[in-house]
Every structure is written in structure tokens, then in C-alpha cells.
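Q: I'd like to ask some things about the structure below.
The values are calculated or read from the model by the stated rules, or taken from the named source; none is laboratory data. As the structure is a computational prediction, the values presented were derived from the model and not from experiment. We place every Cβ from the backbone using ideal geometry, glycine too, and count neighbours over all the protein chains shown. For the accessible areas, the whole protein counts, side chains as well, though only heavy atoms, and no ligand, DNA or RNA atoms are used. Shrake-Rupley method; radii C 1.70, N 1.55, O 1.52, S 1.80 Å.
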Amino acid sequence: LKKTPIRTILLCGLNNSGKTTLLCNLSTDFIEKVGEEVEQVSTCPTVGVSLVEFGQRIGSRVNWRVWDMSGQGRFRNLWSYYSGHVQGLVYVVDITDSDRIAVARDELQMLLDQPRVKESRMPILLFANKADMSNMDGEEGGRDGQGQSKNKSLSLDNIRLAFGVDSLSQHHKIKVLSSSGLTGTGVGEGFGWLSEAIR
Ligand code: GTP
Ligand code: MG
């Protein structure tokens, strides 16, 4: 009998980027349900770290063990402590939080500079999250001035540039995906990719 492989990963990103929400809303069809009903989940800011485990139903059979880290400043130093014992990294960025994009980038870089993360060359899944809040037609700086969008959300290209994804990809397998913890967009695809990237 083959044992189900376990994938241990670190889930990081600034506070309020939507990490815990993404995990909660994986439930829909991706994972083994625990109760009968999937309810709209509302999250609280994570304190320190919480461990979430679930089995993946679609794609190859995998059990996930996810360290859901707090993104609050006072807890961010915990990220590197946990990073030495994981096989992959999921980094969540709030595309509507353009003011803190440089902070998000610096915090990721700090993590990637950890010797054990460097050595392991672990794969990175970067979620450009809250895609449900992006400009409806994906237009940026519309020329005709009609319907200025309410938020200045970042496009996938903005995110790739801001994080220097091209240069990161020289050391790590990396995938950037639009996601939404509210609608579930991209989440299953992302974990599916990560599962393959880790093997
Ligand atoms: P910390 O635990 O403090 O690091 O935060 P977190 O990254 O776990 O964020 P959390 O999942 O608690 O979500 C923060 C807020 O963003 C909540 O009010 C969520 O409802 C909201 N949110 C999360 N994901 C999404 C999303 O995809 N779209 C939208 N519109 N809101 C979201
Ligand atoms: Mg959280």
C-alpha cells in the first residue's frame, strides 16, 4: 500500500492579505469535508501561527500540513523559524494594498535569504489575492476617464515586477496566480501546482 504523501508548507504574507480566508475557503470541493455544510467563514487575525491540515481530493492524493503564519509585524520574525522545516512556500499579497507592496516584497526577500530556504530552493506560490476587487475589465488607467475605478489594485504584471519574479525564478520554481479567498478563484489551481512542484 502506498502511503499518502504529506506536503508541509509555510503560508506567509502581510497581515490582512487573506491567508486564513484562503485556507478556510479551500473547503468547497478541493478538500475532504469535515462537516456536511460549508459555511461562509469569517476569520480573525491570526495570533502567532496556526496549523491547518487537510487532504486533497482532486488531482493526486496529497495530505497538506500548512503553517498559517500571522502577518502582523510583531509576529513576522516567526516566519523564518518555521521556514527551515517546510517543503514549499505560499506567499499571499493583497492586490488592493499597493501602499505596502514594497514591505511585502522586503519581507519575502528576508525569508528567501534564510540559509535553509536558499539551500532547499523550495517552490514558491505567490497569490495575487483579492482578485474579486480588481478592476472589472482588467483595464489600468483607462484613457477616456470614464468610471475611474474605486481601488487602485495591482495587476499581475505589477506584482511580478514589484517582486522581481524573473530574478527569483533563477533560484526557485515560482508561480504567480490571481486568487480570491472569497470566491475560491485560483486557490485549487495553486495548490495543485505546488503539489507537483514539490515532488
Ligand atoms: P493575519 O492573520 O492577520 O496575518 O491576516 P490574514 O492574511 O490571515 O487575513 P484574513 O484571512 O484574516 O483576512 C483579512 C480580511 O480580508 C478579512 O476581512 C477578509 O474577509 C478579507 N479578505 C480575505 N480574502 C479576501 C479576498 O479574496 N477578497 C476580498 N474582497 N476580501 C478578502
Ligand atoms: Mg490569518
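Q: If Ser80 meets every condition in (1) away from ligand 1 (no atom under 14 Å from the Cβ); (2) in contact (Cβ under 8 Å) with a residue 60 or more places away in the chain; (3) not charged (D, E, K, R) apart from one, which number is that one?
A: Among (1) away from ligand 1 (no atom under 14 Å from the Cβ); (2) in contact (Cβ under 8 Å) with a residue 60 or more places away in the chain; (3) not charged (D, E, K, R), Ser80 violates only (2).
Q: OK, next. Suppose we filter region 165-182 for residues that are not in a loop (DSSP other than H, G, I, E, B) and not aliphatic (A, V, I, L, M); how many remain?
A: Our first condition is that a residue be not in a loop (DSSP other than H, G, I, E, B); within region 165-182, this holds for 165-168, 174-178.
Adding the requirement that they be not aliphatic (A, V, I, L, M) leaves 166-167, 175, 178.
Looking only at that region, the number is 4.
Q: Checking the conditions here, which among Ser70, Ser60, Ser98 is at pLDDT 95 or above and either closer than 15 Å to Ile6 by Cα or touching a Pro at 6+ places or on another chain (Cβ under 9 Å) (or both)? Outline the logic, then answer.
A: Working: Ser60 fails: at pLDDT 95 or above; Ser98 fails: either closer than 15 Å to Ile6 by Cα or touching a Pro at 6+ places or on another chain (Cβ under 9 Å) (or both).
Every option except Ser70 fails the conditions.
Q: Which residues, taken from region 1-46, are within 23 Å of Ile95 (Cα to Cα), open to solvent by 20 Å² or more (accessible area, probe 1.4 Å) and either within 9 Å of ligand 2 (Cβ to nearest atom) or at pLDDT 90 or above (or both)?
A: Asn15, Asn16, Thr20, Thr21, Thr43, Cys44, Pro45, Thr46
Q: Tell me yes or no: at least one residue of region 180-193 is in contact with a helix residue (DSSP H, G or I) (Cβ under 8 Å, 6 or more places away or on another chain), under 21 Å from Gln72 (Cβ atoms) and modelled with pLDDT under 95.
A: Filtering region 180-193 for residues in contact with a helix residue (DSSP H, G or I) (Cβ under 8 Å, 6 or more places away or on another chain) gives 180-188, 191.
Next, only the ones that are under 21 Å from Gln72 (Cβ atoms) stay: 181.
Retained after the next criterion (residues that are modelled with pLDDT under 95): 181.
The answer is yes; a qualifying residue exists.
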